[in-house]
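Before any comments, here is the structure.
The values are calculated or read from the model by the stated rules, or taken from the named source; none is laboratory data. What you see is a predicted model, and the numbers here were worked out from it, not measured in a lab. Backbone-built Cβ (ideal geometry, glycine too); neighbour counts: all protein chains shown. For accessibility, only protein heavy atoms count, side chains too; no ligands or nucleic acids. Shrake-Rupley method; radii C 1.70, N 1.55, O 1.52, S 1.80 Å.
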Amino acid sequence: WPDGSIHWLEGIGEITVIDGRAAGAVGVTQNIDARVGAQQAEREARMRAEAAADMLERFHTLADETAWTVTLDELLETLPPLIADLMSVDTVRILLITADGNSLEVRGATGFHGVYEDVLVPVGRGVVGRVVESRLPVVELDLSQTDVRSPALRAEVSSLVGVPLLADDRCVGVLDVGSRGRREFSDDEVVLLRVAAQRVARTIERTRLAALELRAQERFEFLAEINHTLNDKMLVVESMRAVVNGIVPRLADWCALVLFGDEPEDAVWEVAHRDPDKTELVRRLQADYPFDPADTVGIPEQVRGGETQLYPVVDSELIDAASDDPRRTALLRDLAPCSAMVVPIRGPHHVIGVLQLVRSHPDHPYSAWDVELADELIDRIGSSLYVAQLFEAQRNIARTLQTNLLPTSLPSIPGLDLAVRYWTPQGTAEVGGDFYDVFPIDPDTWGVTIGDISGKGIGAAALTGVARQTMRSAARHGRSPAEVLTWLHDALLDQAKEFNGQSCTAICGVLRRGPGGFALRLALGGHPQPVHLAENRPPALIGEYGSVLGLLANPTFHETIVDLCFGDQVVLYTDGVTDVPGSSALGDDELLEFVAAATGESAIETAERLGAALDERHASVSQRDDTAILVLRVHELAGHERLRSPK
């Protein structure tokens, strides 16, 4: 047309023929702009639909692939560029509703200059807040005239459309796309965005649920590991060390576990750091500035209330406010805390300690989920440590009682070396009832006893006193070894109710010095046979087994006399030497070889070498019994003659 516009015409004509010759023509012409426009619009719509379908298919494929291979944060970083490509837009944001349900926070964005600054948007405010409230798309052609909460959005976006992210009819957030220039989003584009939003919501929800399942599994495994660790430890310090080493680095980069005492200086603590080079810094911080539960302000006052204290962000200002001591502040800065928790350890009646957890990476602050995990963890730790404290207190009482009931020294016997080694392996919760004694009967006669009360703890420790004094009294009244064991057997039966029917194994020996040497008369009450070591003779087990004490109505005991000459040694021991679980147990033949290999030039040397050899052999045994070793060695005899006493 003269005005430069283009129009479409359709002409229809017919030639008039007369006598075979064209005589003229007739025709009409009409404007078909509308029809051509509709066809063109149809072609363009079909092309857009095909392109959108192809893009959606690629988007779905990529969403499916990423949903199972990345975390939720990684997914939210991956999806916005895909959506921007799908919609041919400049900016894309994915906002999710916060845990309290009151706000939206940007979790993924693309197209913005620089780093997008996160701004919480209240539900019902701004464009995206209205989308959540209405659950319908919201289109804004000019954001300059709209309530916008984000400065980045107002500065970089002119037109925007937001649609709800609906998963199982639950709104989890908003997807919005924007254009830097003014743009009128068509109905088709809004529909396409809603389809994408539905897929995004399902993908996010699936990834979130997968992450929650994985986190729950990790949480279960973590708590199970701590439980297993605590079940394997009975002493307080061992339990605490196992706990801090189990927590780092799973739940903290470094931590301190403190159990309170009656006074601040009585507190027991353990620390751990994922960087071994910084562990000493944590130790120094804890040692020089211990946690004082008696403080009336700050964290101690809050902890006494039994509530976990969360510090999501630990910055320079908080570090400076933590102490007015420059040295302490410097230590804290060297350790570089970024997030922290202080968790009280609750006993049955009051707070018994505190667990301090610290992370040093600013990208992984502690969250409400971590607090929930820490509270569940501390319930298990608290109960285990409280039980360990009770066990240890009982153990200390029993050990003190048992130590006071054992002889403080051995008598001096001319011509005879005596040595004893007695110990309870570390890691056991209660002491046993092993005992030994050497005492004078007359100037040339001494009683020698060793035994083992069944059971453990305070009752077994107390019963050792009954056993020692009964055997001493009977021997000093001139009773033979077999009669001494009978006295002890009767005493155990008499006091069966007081001591829950505990039994006992024991050896009673009477050592007599004669003109030419020593004779040892002994009787065994269910106790392992002693080892006799003599020059130019193989080691031998001596004595004849008798009944265990405190069980049978009519026990039987047998006496044996062994002559001892210069250089002879007799090793008496409790079953902690031989009866251990596993392959390190000692049979009779192995025992004889084992003792012979450890024999020294004196009783003390033999006891020490035998003890060291036992520690090495039984090092892998987790539960060992108490052990007593009593060594007798003849070192002076006139003329070195061997005395033969009648059987």
In the stretch 519-531, is there at least one residue being of a type outside the set (A, V, I, L, M), assigned to a loop (DSSP other than H, G, I, E, B), under 13 Å from Glu559 (Cα atoms) and at pLDDT 90 or above?
yes
Of all residues in the stretch 582-627 being in contact with an Asp or Glu (Cβ under 6 Å, 6 or more places away or on another chain) and under 20 Å from Leu416 (Cβ atoms), which is least open to solvent (accessible area, probe 1.4 Å)?
Ala603
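In the set Pro326, Pro365, Pro344, which member is open to solvent by 50 Å² or more (accessible area, probe 1.4 Å) and touching a strand residue (DSSP E or B) at 6+ places or on another chain (Cβ under 6 Å)? Can you show your working first?
Details: Pro326 fails: touching a strand residue (DSSP E or B) at 6+ places or on another chain (Cβ under 6 Å); Pro344 fails: open to solvent by 50 Å² or more (accessible area, probe 1.4 Å).
Result of the check over Pro326, Pro365, Pro344: Pro365.
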Tally time: how many residues in the stretch 458-513 are of a type in the set (Gly, Ala, Ser), under 51 Å from the mean Cα position of the chain (by Cα), in a helix (DSSP H, G or I) and surrounded by 24 or more Cβ atoms within 10 Å (Cβ to Cβ)?
3
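Check Leu175, Leu166, Leu192 and return the single one that is at negative phi and either of a type in the set (Lys, Arg) or in a helix (DSSP H, G or I) (or both).
Values: Leu175 fails: either of a type in the set (Lys, Arg) or in a helix (DSSP H, G or I) (or both); Leu166 fails: either of a type in the set (Lys, Arg) or in a helix (DSSP H, G or I) (or both).
After ruling out the rest, the residue left standing is Leu192.
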Out of the residues in the stretch 169-204 that are polar (S, T, N, Q) and touching a strand residue (DSSP E or B) at 6+ places or on another chain (Cβ under 7 Å), state the one that is surrounded by the fewest Cβ atoms within 10 Å (Cβ to Cβ).
Gln198
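Mind telling me which of the residues Leu160, Leu166, Leu136 ends up being surrounded by 21 or more Cβ atoms within 10 Å (Cβ to Cβ) and either over 13 Å from Leu104 (Cβ atoms) or of a type outside the set (Gly, Ala, Ser) (or both)?
Values: Leu166 fails: surrounded by 21 or more Cβ atoms within 10 Å (Cβ to Cβ); Leu136 fails: surrounded by 21 or more Cβ atoms within 10 Å (Cβ to Cβ).
Only one candidate qualifies: Leu160.
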Determine which single condition Ala596 fails, assuming it passes every other condition in (1) outside any helix (DSSP H, G or I); (2) closer than 30 Å to Ala482 by Cβ; (3) out of contact with any Lys or Arg (no Cβ under 8 Å at 6 or more places or on another chain).
(1)
Identify the residue in the stretch 75-132 that is of a type outside the set (A, V, I, L, M), open to solvent by less than 40 Å² (accessible area, probe 1.4 Å) and touching a residue at least 60 places away in the same chain (Cβ under 8 Å) and, among all such residues, is farthest from Ala196 (Cα to Cα).
Gly111
Would you check which residues across the stretch 481-524 are in contact with a helix residue (DSSP H, G or I) (Cβ under 9 Å, 6 or more places away or on another chain) and of a type in the set (Val, Ile, Thr) and list them?
Val484, Thr486, Ile507, Val510
Mind listing just one residue for me: the one in the stretch 556-585 that is closer than 13 Å to Val634 by Cβ and among the charged types (D, E, K, R) and, of those, farthest from the chain's Cα centre (by Cα)?
Asp563
Among (1) in contact (Cβ under 8 Å) with a residue 12 or more places away in the chain; (2) farther than 17 Å from Pro81 by Cα; (3) not hydroxyl-bearing (Ser, Thr, Tyr), there is one condition Val157 misses while meeting the rest; what is its number?
(2)
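Go over the candidates Leu355, Leu390, Leu385, Leu377 one by one and state the one that is among the aliphatic types (A, V, I, L, M), part of a helix (DSSP H, G or I) and within 17 Å of Trp254 (Cβ to Cβ). First the steps, then the outcome.
Working: Leu355 fails: part of a helix (DSSP H, G or I); Leu390 fails: within 17 Å of Trp254 (Cβ to Cβ); Leu385 fails: within 17 Å of Trp254 (Cβ to Cβ).
Exactly one of Leu355, Leu390, Leu385, Leu377 is among the aliphatic types (A, V, I, L, M), part of a helix (DSSP H, G or I) and within 17 Å of Trp254 (Cβ to Cβ), namely Leu377.
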Kindly list, by first and then second residue, each pair from a residue in the stretch 453-473 that is closer than 18 Å to Pro407 by Cα and charged (D, E, K, R) to a residue that is open to solvent by 30 Å² or more (accessible area, probe 1.4 Å) and part of a helix (DSSP H, G or I), limited to pairs with Cβ atoms under 7 Å and residues at least 6 apart or on different chains.
Arg468/Leu405
So, in the stretch 532-559, exactly how many residues are crowded, with 17+ Cβ neighbours inside 10 Å and in a strand (DSSP E or B)?
4
Across the stretch 560-572, what is the total count of residues that are within 19 Å of Thr449 (Cβ to Cβ) and open to solvent by 10 Å² or more (accessible area, probe 1.4 Å)?
3
Identify all residues within the stretch 316-337 that are more than 22 Å from the chain's Cα centre (by Cα) and either polar (S, T, N, Q) or in a loop (DSSP other than H, G, I, E, B) (or both); write none if there are none.
Ser316, Ser323, Asp324, Asp325, Thr329, Ala336
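For Leu153, indicate whether it is over 43 Å from the mean Cα position of the chain (by Cα), assigned to a helix (DSSP H, G or I) and aliphatic (A, V, I, L, M). Outline the logic, then answer.
Values: over 43 Å from the mean Cα position of the chain (by Cα): yes; assigned to a helix (DSSP H, G or I): yes; aliphatic (A, V, I, L, M): yes.
The answer is yes for Leu153.
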